[in-house]
Amino acid sequence: MAGLYIHLPFCLSKCPYCSFVSFPRLKHLWKRYVEAVTKDLRRVAQTTEIVAIDTLFLGGGTPTVLPVELLSAILDTCRTFFSLENTAEVSIEANPGTVTKHDLLRLRRSGVNRISFGIQSFNDNELTLLGRPYCSDSAMAALVAARQVGFANISIDLMYGLPGQDRMAWEKNLEELFKIRPDHLSCYQLTIEDGTPFAKRLADGVFSSADEEEIEKMDKLTIEWACAMGLEQYEISNFARPGFECRHNVNYWMNGNYLAAGASAVSCIDGRRQRRVSLPLQYCRMLERGADPVIDEEFLDAQASFRESVVMGLRMVRGVCRKDLVARYGVDVQAYYGPLLVDLQRQGLLVLGETHLWLTARGRRFANRVMAELV
Ligand code: SF4
């Protein structure tokens, strides 16, 4: 079984912190792009032995800026080229202000069974700061509409550590969640990426970086509130009701196989990682003339793949299963890393148990540091 990711790089506007491959004002390209994705999917199907798809993820960008007919067409194409089980997880990313209740109903009817809303904040001032083109009322209305049309698996993305945001403001965001009780929650700390307008404001002294102590308190609040809502932390930034973990992302974290289509989309099958051209117009042109849109390819040897499985798997709270690693690579983590694991355990960052290796709560806080040592 494998996942399939489709990248739809279109947005209503460009958020000032965003470094994703996403573009506003390309409406004239939408239909052409979807036709290119169809060609891409045909190529993918012709060159892989994978037939059965367990998870399908329409991500972006904001996929729901596209009309539902185009999104349904992509789903139909996926079903034409691959076998999508009845139990498959079919996710779409959505933003408030890009879907009506009727759109949501049609998406549900076209087979989407999981919707992930990029809400980011329920505070109007924070939404303005983030350049999000909707208000908290319309965010809540979109979530309520999704429930009303029958989405039983709703995920919400929130962002914390915003300039000027203190823990009380963050807690108010978390309180709002009680009104909708999402099945899944992703909370990401704002990271200011080079080349974005936010990076310039930081450099110009308009912003200051988030206070580390305050962030630590926000992290604790998140875990408390998520727990109060019946959501368990299963990954560094992700919480879910039991059974509602995002299967598509769990497959990434387990270093599983995934196919991909769309501009900039990355696939990885048995250690062979491929990335497609980023610009949507270039992507369309390449597929229209029958060219392969893949522009980068990398082969991970067994050792690199082993280390990647460890590092990605550690993102999950349950950690990595030692037996699975031995079965897949013939290597045990203890034998491979030796004194490094002893040192990381001594620092209280990791635990090497009989069956699993996992990060402690402190280790999750300093995950990047730990992973840099293990990769
Ligand atoms: S909606 Fe998401 S992908 Fe689009 S610009 Fe904003 S952060 Fe980037």
Between rounded, prolate and oblate, where does the range 195-277 land on the alpha carbon gyration tensor, with a ≥ b ≥ c its root eigenvalues, rounded for a/c under 1.5, else prolate if a/b exceeds b/c? oblate
Report the percentage of all Cα-Cα pairs in the range 67-171 whose separation exceeds 21 Å, rounded to a whole percent. 42
Taking a threshold of 32 Å on the Cα-Cα distance, which of the pairs K101/K220; K14/K179; K179/K217; K172/K200; K27/K101 fall above it? K101/K220
Only four residue types carry charge here, +1 at the Cβ of Lys and Arg and -1 at the Cβ of Asp and Glu. Report the dipole size of the range 319-374 about the Cα centre in Debye, rounded to the nearest 20. 240
Amide H neighbours of F122 at under 5 Å, excluding residues fewer than 5 places away on the same chain, with H built from the backbone geometry, are none
Run the quick spin-label model on V375 and V351: label points 7 Å from Cα toward the beta carbon, then report their separation in nm to one decimal. 2.6
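Mind pulling the per residue volume of the convex hull built on the Cα atoms of the range 319-374? Å³ is fine.
That works out to 72 Å³ per residue.
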Sticking to Cα atoms, compute the Rg of the chain to one decimal and its Dmax as the biggest Cα-Cα distance, whole number, in Å. 20.9, 58
Given a 1.4 Å probe and heavy atoms of the protein chains only, how would you sort F178, F117, largest accessible area at the top? F178, F117
Going by amide H atoms built from the backbone, whose H comes under 5 Å of the H on Y160, apart from near neighbours? Y188, Q189, L190
For labels at E216 and N86 in the simple 7 Å Cα→Cβ model, what's the distance in nm? 5.1
How much accessible area does T38 have with a 1.4 Å probe, in Å² rounded to the nearest 10? 40
Taking only Cα atoms and a 10 Å spring cutoff, compute GNM fluctuations for the chain and point out the largest among G97, G348, G111. G348
Top positive-direction residue, dipole computed over the chain with Cβ charges, set G230, L127, A372: L127
The Cα radius of gyration of the range 145-222, divided by 2.2 N^0.38 Å with N its residue count, comes to 1.32
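In deg cm²/dmol and to the nearest 500, what is the mean residue ellipticity at 222 nm of the chain if only DSSP H runs of at least 4 residues count, each as -39500 (n - 2.57), divided by the residue total?
-12000 deg cm²/dmol
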Residue by residue through the range 313-324, the couplings from Karplus 6.51 cos²θ - 1.76 cosθ + 1.60 with θ = phi - 60°, in Hz, x for Gly and Pro, are x, 5, 4, 7, 4, 6, x, 10, 7, 5, 5, 5
Computed ³J(HN,Hα) along the range 22-30: with the Karplus parameters 6.51/-1.76/1.60, θ = phi - 60°, integer Hz and x for glycine or proline, the list is 8, 9, x, 6, 10, 3, 4, 9, 3
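How large is the dipole of the chain about the Cα centre if only Lys and Arg carry +1 and Asp and Glu carry -1, each at its Cβ, rounded to the nearest 20 debye?
Details: 43 positive and 45 negative charges, 195 e Å.
The calculated dipole for the chain is roughly 940 debye.
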In order through the range 55-61: 3J(HN,Hα) via Karplus (6.51 cos²θ - 1.76 cosθ + 1.60), integer Hz, x for Gly, Pro: 9, 10, 10, 9, x, x, x
At 1.4 Å probe size, with no ligands or nucleic acids counted, give the accessible surface of F366 in Å², nearest ten. 80
The extension gain from V326 to A169, computed as 0.36 nm times the residue separation minus the Cα-Cα distance, is 51.9 nm
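The values are calculated or read from the model by the stated rules, or taken from the named source; none is laboratory data. Everything numeric in this text was worked out from a predicted model, so none of it was measured. Cβ sites come from the backbone with ideal geometry, for glycine too, and all protein chains shown count toward neighbours. When the accessible area is computed, the model is the full protein with side chains, heavy atoms only, and any ligands, DNA or RNA have been set aside. Shrake-Rupley method; radii C 1.70, N 1.55, O 1.52, S 1.80 Å.
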